[in-house]
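Asks: Below: one structure in structure tokens.
The values are calculated or read from the model by the stated rules, or taken from the named source; none is laboratory data. This structure is a prediction, so every number in the text was calculated from the model and none was measured. Reconstructed Cβ throughout: ideal geometry from the backbone, glycine too, with neighbour counts over all protein chains shown.
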Amino acid sequence: MIFSAIIIDDEEFGRNALKSSLKMFCQSFEIIGEADGVYSGERLLQTCKPDVVFLDIRMKDGTGFDLLQLISNQDFSLVFTTAYDEYAIKAFKFSAVDYLLKPIDPESLIELEKKMVKSSHSYLTKQKEILLENKDELQIIGLHTFEGLSYFRVEELVRCEANSNYTSFHFTDKKVLVSKPLKEYEEILPENNFFRIHKSHLIQQKFIKKINKSNSTVEMYDGTILELARRRKDLFIDWMSHA
Amino acid sequence: MHKFKLIFIIVTSPIFLYSQKNDFNKNSALRPTQNINVLQTASDYALIINGLFYLKRTHEETKAYHEWVNTLCKIGEVYMQWGIAEKAVEYYQMAKDTLPLDYQGAPLQLNLLQSLAIAYKKLHQNDHAIINYEAILSIFPTQLSKDQELNILNELLELYNLEDKFFNALGAGNQLLSLFQNKSDSIGATRTYNYMGTIYKKLDNLDAAKIHFVKALKYYPKNSRVTEGKSVILLNLGIIYQSKGDFKQALKCFQEALSIQIANNNEEETARIYTYIAANYLATRAYESCISYAQKAIDISKKYQYLDILQAAYELMWQCHEYQKDLESALMAFKDHVQIKDKIHLQKIKEQAQMDKKLQEAEKLEMRINTLLSENELKVTDLNKEKLERENKEMELYLLKRELELANYQSRQKELLQEKEIDRLVLLEQTITAQAREKQLAFQIQKKQLENKDKQRKLDELKQKNRISQLQLFHNELQIKNQRWLQIVMLMAFVILAIVVYLLFNRYYLKQKAQKQFLHFQNIEIEQRLLRSQMNPHFIFNALNSIQYYITSQDNASAARYLSKFSLLIRSILESSRHQYIFLKDELKLLKLYLELEQLRFSGQFVFDITIDETIDTEEISIPPMIIQPYVENAIIHGVVMLNHQGKITIHYQKTDDFIKCTILDNGIGREAAGKIRKTNNPKHQSIATELTKHRLDLLNKTPNRVYDVTIIDLYDHNQIASGTEVSVSIPYIVH
């Protein structure tokens, strides 16, 4: 199966590098067009309907997000490319959007190829919305559950509990199990609102009901009483006062 | 020496007395009267007295009154012999008091009373003497011998006269006269008549006086070789006649007396009688005779300096001359008279002064005696103390010591006995003291013993009290000390604590400060390094991406070139990041390499030019590395790359006094346009190059005394269209 693709990148070297890498490692992508900026990219998308868009974040006339906002109906799979952009990468992870880091890793190209098969159209549209919502502030988190990718509002997340390589997300009304370690979510969840009180517990501040310092426990509004690691106690109290 | 002897006697005599009583006293003291006659030195008297004292004590103990009184009398006798009437009186009086009232021992009592009277008379206590003589006469009216009675009456006559008891005296005189008449003792009668005559004269009974003087002359023994008394009586009689105005008889008497005195060669009396005669002539207005006799008196008196006679004679002279109207001579005589009078007066004063002096000396002597006594007392007290102590401690040692002292005393005694030439006064002192000492010692020893015991007891009490009070005091002191100590300890503890706290705090503070500073500089250093190494990762990855492109596009030569250039840049950056300052030369190399890589990345969309002032030696000056890199990057990405045509970046270095001024000039789209583009992007995603550089410059500013700044000028062409940006960065430098 061949996927049609366009590359939007302001740097010629960047576009050429991706093209030659795809040619070398992953032949299922056929490059049908190239653009060197936000506006040229938008124009290109009006003329062709690719399956995949490789989109650079930083361009001289804007960002990849700017381009996403310009298009009304997204019917392509979106893959961000970036050499180095910490915040953007966080957003991608949060929104469960695919991305490629430059220079391109051939294995990530093959992985991407596999994903492309599964993706449905509605999923792509939703992905775009969520990404744009998370662009300035991380609000909706995309979690790969056993039923597939689901999006949840971060404001409803009470706590995360580690369970070996799984992580259970406890929202106000539901509980979700994800096959990724807690550490990955700890990194992307905003640190102003979330604190890891224990090896197994990451909690959101606004759901803390009571802190029992004497026996080092934290009681949440949902009634659970969580252990507060002694080593993190001071940091936790400090964080509580600053947050 | 004397003092020593005195002390020695005082100290040793009691011991001696007690130990030597048997032999010595029997030999010498038992017959004191025999011995008295041979007494010559003070030590003799002392020995006798000591012996008598022993006897006295013995008799006192045995109640043998007779012997006792006898001994007391003898003691008094010895004192009389010695010339110490006072002591004699004391002992006689003691004997008198000791005698029982009904004592019937005539000779003893008679002797005692007589001795007392004599002693009192010697002390000029005439009334006491009189009482004792009268007592003899009243107690023994019949037992007295005639001589004794005469003697007593004579004494009484004299004493009554002295005491102005004239009628008593006359009574005694009459008794005497009757006795003399019975005894036909003409001399005694003469004397008594004469005496009585003087008394009558005193009583102004001139007739009676005349009768008695005449009788005295009458009884005056004829052919007596001693004519002196007759002269005296004749003079007395003459004076009486004179007083009665019988000048002829008076002259007769005077002339008779004068012949006697001339015969006796008694110049003074002769002169005196001349004045009497002169005075007699004056009274009879025989001025010539008066003057001649007065002159005679003057001549003799001048020769022998009989001042009183001279005075009287001159007085007669000037009176005579006055009567003769020979005023000149009268005046001369008067002058002489006054002169003599003054002389007498002066002499009297001198005598008085001498008397006073003598009295003072006597007082001094007394004082010296007293001091000696007190010294002795002290010595004795010390000795007694010692003795008591010794007694308490070692009786045997004490006895041995006493024997030793005894031996010493005996040898000393012998020495004393051999001594013949000792001053009487000193002897007196010694013996007075010795006697006084003996008595006082006996008394004092007892008293002292008692006192000592008492003192000892009191002392013990006091000691005990002292001990108690000391204990209390000690306790109190201890308490106070403890309290004080506690206070001091607390205070010290507080002070120490304060100091310790202060030191700790200071140390902590300094440490903290140092640490802070250290951390601060470390921070600067770390941050600098971080910032340097943080050199846009985007650039790095893009560069790597470019290399990947050359590889994947199988342009091996380009890939190799790019890769080597890139690794050279990375190496240079890594190297420079280890130094705070690098040579400008190296910086320029680095900058050039970076710009070339960017040129490659952006496919030659811009050209660049780096210029340096000729004054700058790039191998001499060092600057912090890659300060301007972010501005250069900005100039590329936000400036020249945005252009539709090829841009140009010009970098110029110039040197000021404090800085290397680096100007980055680009002909790009300008900050405004670039800002617009950036605004459309996520603001959090925009380049932070300038911020980083500013931060880095701020950090450099924090190192002492340096201020670095960045100025950005937006450039416009003549149409007011943005034509690029000029950034000036002041970079600190070091000259090597």
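Asks: Here is a list of conditions, (1) in contact with a helix residue (DSSP H, G or I) (Cβ under 9 Å, 6 or more places away or on another chain); (2) surrounded by 12 or more Cβ atoms within 10 Å (Cβ to Cβ); (3) assigned to a loop (DSSP other than H, G, I, E, B); (4) in contact (Cβ under 8 Å) with a residue 12 or more places away in the chain, and A:Glu191 meets all of them except one; can you say which number that is?
Replies: (4)
Asks: Further question on the same structure: Output yes when any residue across the range A:133-142 is in a loop (DSSP other than H, G, I, E, B), without any contact (Cβ under 8 Å) to a residue 12 or more places away in the chain and more than 19 Å from A:Ala91 (Cα to Cα), and no when none is.
Replies: No, the range A:133-142 contains no residue that is in a loop (DSSP other than H, G, I, E, B), without any contact (Cβ under 8 Å) to a residue 12 or more places away in the chain and more than 19 Å from A:Ala91 (Cα to Cα).
Asks: Something else now. Give the range A:44-84 a look and list any residue that's closer than 23 Å to A:Phe13 by Cβ and basic (Lys, Arg), or say none.
Replies: A:Arg58, A:Lys60
Asks: Any chance you could count how many residues in the range B:657-671 are part of a loop (DSSP other than H, G, I, E, B) and of a type in the set (A, V, I, L, M)?
Replies: Filtering the range B:657-671 for residues part of a loop (DSSP other than H, G, I, E, B) gives B:657-658, B:667-669.
Filter once more, keeping what is of a type in the set (A, V, I, L, M): B:669.
Residues meeting the conditions: 1.
Asks: Another question, then. Scan the range A:25-68 residue by residue and report those that are closer than 29 Å to A:Met1 by Cβ and hydroxyl-bearing (Ser, Thr, Tyr).
Replies: Hits for the range A:25-68 are A:Ser28, A:Ser40, A:Thr47.
Asks: Would you mind stating whether A:Phe207 is surrounded by 13 or more Cβ atoms within 10 Å (Cβ to Cβ), under 13 Å from A:Asp222 (Cα atoms), free of Cβ contacts under 8 Å to residues at least 60 places away in the same chain and aromatic (Phe, Trp, Tyr)? If you could, list the steps in order and put the result at the bottom.
Replies: Working: surrounded by 13 or more Cβ atoms within 10 Å (Cβ to Cβ): yes; under 13 Å from A:Asp222 (Cα atoms): yes; free of Cβ contacts under 8 Å to residues at least 60 places away in the same chain: yes; aromatic (Phe, Trp, Tyr): yes.
So A:Phe207 passes the test.
Asks: Also, quick follow-up: For B:Arg225, all conditions in the list (1) in a helix (DSSP H, G or I); (2) closer than 23 Å to B:Gly188 by Cα hold save one; what is the number of the exception?
Replies: (1)
Asks: Is there a residue being among the polar types (S, T, N, Q), surrounded by fewer than 17 Cβ atoms within 10 Å (Cβ to Cβ) and not in a helix (DSSP H, G or I) anywhere in the range B:75-90? Spell out the reasoning first.
Replies: Going through the range B:75-90, the residues among the polar types (S, T, N, Q) turn out to be B:81.
After this cut, where a residue has to be surrounded by fewer than 17 Cβ atoms within 10 Å (Cβ to Cβ) as well, the list is B:81.
The next check asks that each one be not in a helix (DSSP H, G or I); those that pass are none.
No, the conditions are met nowhere in the range B:75-90.
Asks: Right, A:Phe80: aromatic (Phe, Trp, Tyr), buried (at least 20 other Cβ atoms within 10 Å of the Cβ) and at pLDDT 85 or above or not? Lay out the reasoning, then the answer.
Replies: On the way: aromatic (Phe, Trp, Tyr): yes; buried (at least 20 other Cβ atoms within 10 Å of the Cβ): yes; at pLDDT 85 or above: yes.
For A:Phe80, the condition - aromatic (Phe, Trp, Tyr), buried (at least 20 other Cβ atoms within 10 Å of the Cβ) and at pLDDT 85 or above - is met.
Asks: Something else now. I need the full set of residues from the range B:539-571 which are surrounded by fewer than 18 Cβ atoms within 10 Å (Cβ to Cβ), within 14 Å of another protein chain (Cβ to nearest Cβ) and either touching a residue at least 60 places away in the same chain (Cβ under 8 Å) or over 18 Å from B:Phe602 (Cα atoms) (or both), in order please.
Replies: Of everything in the range B:539-571, those that are surrounded by fewer than 18 Cβ atoms within 10 Å (Cβ to Cβ), within 14 Å of another protein chain (Cβ to nearest Cβ) and either touching a residue at least 60 places away in the same chain (Cβ under 8 Å) or over 18 Å from B:Phe602 (Cα atoms) (or both) turn out to be B:Gln554, B:Asn556.
Asks: Here's another thing I want to ask about it. Please tell me if A:Thr63 is touching a strand residue (DSSP E or B) at 6+ places or on another chain (Cβ under 6 Å), buried (at least 21 other Cβ atoms within 10 Å of the Cβ), within 13 Å of another protein chain (Cβ to nearest Cβ) and of a type in the set (Ser, Thr, Tyr).
Replies: Details: touching a strand residue (DSSP E or B) at 6+ places or on another chain (Cβ under 6 Å): no; buried (at least 21 other Cβ atoms within 10 Å of the Cβ): yes; within 13 Å of another protein chain (Cβ to nearest Cβ): yes; of a type in the set (Ser, Thr, Tyr): yes.
No: the conditions fail for A:Thr63.
Asks: Within the range A:214-237, restricting attention to residues that are farther than 23 Å from A:Asp173 by Cα and loosely packed, with under 12 Cβ neighbours inside 10 Å, which residue is farthest from the chain's Cα centre (by Cα)?
Replies: Out of the qualifying residues, it is A:Ser214.
Asks: Is one or more of the residues making up the range A:40-51 farther than 16 Å from A:Ile104 by Cα, surrounded by fewer than 23 Cβ atoms within 10 Å (Cβ to Cβ) and within 11 Å of chain B (Cβ to nearest Cβ)?
Replies: no
Asks: Additional query: Quick one: in the range A:15-30, of everything that is within 13 Å of chain B (Cβ to nearest Cβ) and in contact with a strand residue (DSSP E or B) (Cβ under 6 Å, 6 or more places away or on another chain), which residue is surrounded by the fewest Cβ atoms within 10 Å (Cβ to Cβ)?
Replies: Going through the qualifying residues, I end up with A:Lys19.
Asks: Here's a follow-up. Out of A:Ile89, A:Ile110, A:Ile141, A:Ile71, report the one residue that is buried (at least 16 other Cβ atoms within 10 Å of the Cβ), more than 14 Å from chain B (Cβ to nearest Cβ) and β-branched (Val, Ile, Thr). Steps first, please.
Replies: On the way: A:Ile89 fails: more than 14 Å from chain B (Cβ to nearest Cβ); A:Ile110 fails: buried (at least 16 other Cβ atoms within 10 Å of the Cβ); A:Ile71 fails: buried (at least 16 other Cβ atoms within 10 Å of the Cβ).
Within the list A:Ile89, A:Ile110, A:Ile141, A:Ile71, the selection yields A:Ile141.
Each row is one residue, and each column tells you yes or no for (1) over 18 Å from A:Ala162 (Cβ atoms); (2) part of a strand (DSSP E or B); (3) not assigned by TED's automatic domain parsing to the domain that holds A:Glu156.
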position	(1), (2), (3)
A:Leu202	no, yes, no
A:Lys206	yes, no, no
A:Asn215	yes, no, no
A:Glu219	yes, yes, no
A:Arg232	no, no, no
A:Asp238	yes, no, no
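Asks: Kindly establish whether B:Glu620 is in contact (Cβ under 8 Å) with a residue 60 or more places away in the chain, more than 18 Å from B:Phe541 (Cα to Cα) and of a type in the set (Asp, Glu).
Replies: Details: in contact (Cβ under 8 Å) with a residue 60 or more places away in the chain: yes; more than 18 Å from B:Phe541 (Cα to Cα): yes; of a type in the set (Asp, Glu): yes.
So B:Glu620 fits the description; yes.
Asks: For B:Leu597, only one of the following conditions fails: (1) touching a Leu at 6+ places or on another chain (Cβ under 7 Å); (2) away from chain A (no Cβ under 13 Å). What is its number?
Replies: Failed condition: (2).
Asks: Here is a list: A:Ile2, A:Ile7. Which entry is of a type in the set (A, V, I, L, M), surrounded by fewer than 17 Cβ atoms within 10 Å (Cβ to Cβ) and more than 9 Å from chain B (Cβ to nearest Cβ)?
Replies: Working: A:Ile7 fails: surrounded by fewer than 17 Cβ atoms within 10 Å (Cβ to Cβ).
Only one candidate qualifies: A:Ile2.
Asks: Please enumerate the residues belonging to the range B:160-198 that are hydroxyl-bearing (Ser, Thr, Tyr) and either modelled with pLDDT of 85 or more or in contact with a Gly (Cβ under 9 Å, 6 or more places away or on another chain) (or both).
Replies: Of all residues in the range B:160-198, those hydroxyl-bearing (Ser, Thr, Tyr) come to B:160, B:178, B:184, B:186, B:190, B:192-193, B:195, B:198.
Scanning the range B:160-198 gives B:Tyr160, B:Thr190, B:Thr192, B:Tyr193, B:Tyr195, B:Thr198.
Asks: Here is a follow-up. Out of B:Leu588, B:Leu574, B:Leu597, report the one residue that is over 25 Å from B:Lys661 (Cβ atoms) and surrounded by fewer than 18 Cβ atoms within 10 Å (Cβ to Cβ).
Replies: Values: B:Leu588 fails: over 25 Å from B:Lys661 (Cβ atoms); B:Leu597 fails: surrounded by fewer than 18 Cβ atoms within 10 Å (Cβ to Cβ).
Criteria check complete, one pass: B:Leu574.
Asks: Out of curiosity, is A:Phe76 aromatic (Phe, Trp, Tyr), within 10 Å of chain B (Cβ to nearest Cβ) and within 20 Å of A:Lys126 (Cα to Cα)? Let's see the steps before the verdict.
Replies: Details: aromatic (Phe, Trp, Tyr): yes; within 10 Å of chain B (Cβ to nearest Cβ): no; within 20 Å of A:Lys126 (Cα to Cα): yes.
So A:Phe76 fails the test.
Asks: Here's something else I'd like to know. Can you name the number of the only condition in (1) under 20 Å from B:Ser115 (Cα atoms); (2) touching a residue at least 24 places away in the same chain (Cβ under 8 Å) that B:Asn161 fails?
Replies: The single condition B:Asn161 does not satisfy is (1).
Asks: So, in the range B:626-643, of the ones that are buried (at least 24 other Cβ atoms within 10 Å of the Cβ) and either farther than 24 Å from B:Lys585 by Cβ or among the basic types (Lys, Arg) (or both), which residue ends up nearest to the other protein chains (Cβ to nearest Cβ)?
Replies: B:His638
Asks: Related question: Among the numbered criteria (1) in contact with a Cys (Cβ under 9 Å, 6 or more places away or on another chain); (2) without any contact (Cβ under 8 Å) to a residue 40 or more places away in the chain; (3) within 14 Å of chain B (Cβ to nearest Cβ), which one does A:Tyr84 miss?
Replies: (1) is the only condition that A:Tyr84 fails.
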